[in-house]
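Have a look at the structure below, then the notes.
Just so it is clear, none of the values below were taken in a lab; they were calculated from the coordinates. Worth saying up front: this structure is predicted, and the values here are computed from it rather than measured. So basically every Cβ, Gly included, is an ideal-geometry build from the backbone, and we count neighbours across all protein chains shown.
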Amino acid sequence: MIRHATIDDTPRLLPLLSELGYPATLKNLNRRFLKFVKNPGYGVAVCEMNEEITGFIAWTTTDHLISDATRFSIVGIVVSTNHRNMGIGP
């Protein structure tokens, strides 16, 4: 199941961030998560299988000056090494 992440998910995001090479403390991740998701157009979604978070994606959006288009940028994406090649990520 893919769903929006909540602050309650941050402890389960820590191992995924470490896999990306960005280890963090829970205190720092909680602070960054709350700061990030309060921005309009920013978000984090998780993939959850059997109550385990197996991956996440974080994104931002920006509006263009020269057109009415909105740019969607992926700023973080990871699938747990134990769940890769199962069709749940890039």
How tilted is helix 10-20 with respect to the longest principal axis of the chain? Cα atoms for both, answer in degrees (0 to 90, nearest 10). 90
State the Cα centre-to-centre distance between region 67-85 and region 1-46 in whole Å. 13
Listing E51, E19 by rising number of other beta-carbon atoms within 10 angstrom, fewest first, gives E51, E19
Can you compute the modelled spin-label distance between V37 and N50, with each label point 7 Å from Cα toward Cβ, in nm? 2.5
Restricting attention to region 1-55, which trypsin sites (Lys or Arg not before Pro) occupy a DSSP loop and are surrounded by at most 10 other Cβ atoms within 10 Å? K38
Relative to the longest principal axis of the chain, what angle (0 to 90°, nearest 10) does the C-alpha long axis of helix 26-37 take? 30
Put +1 on the Cβ of each Lys and Arg and -1 on the Cβ of each Asp and Glu in the chain; which of V78, N39, N28 then has its Cα farthest toward the positive end of the dipole? N28
Quickly work out the D8-to-A24 label distance, labels modelled 7 Å from Cα along the C-beta direction, and quote it in nm with one decimal. 2.0
Pairs of alpha-carbon atoms within less than 8 angstrom and 6+ residues apart define the contacts here; what relative contact order does region 2-83 have, in percent? 27
Order these by the 10 Å Cβ neighbour count, fewest first: I7, I53, I77. I7, I77, I53
MRE, 222 nm, helices only [DSSP H, n ≥ 4, -39500 (n - 2.57), over the chain, to nearest 500]: -8000 deg cm²/dmol
Quick one: dipole size for the chain, taken about the Cα centre, charges +1 on Lys/Arg Cβ and -1 on Asp/Glu Cβ, in debye to the nearest 20. 320
Among [x] -0.30, -0.42, -0.54, -1.16; [y] -0.27, -0.39, -0.52, -1.42; [z] -0.43, -0.52, -0.60, -1.16, the entry matching log10 I(q)/I(0) by the Debye sum over Cα atoms at q = 0.10, 0.12, 0.14, 0.26 Å⁻¹ as calculated here is [y]
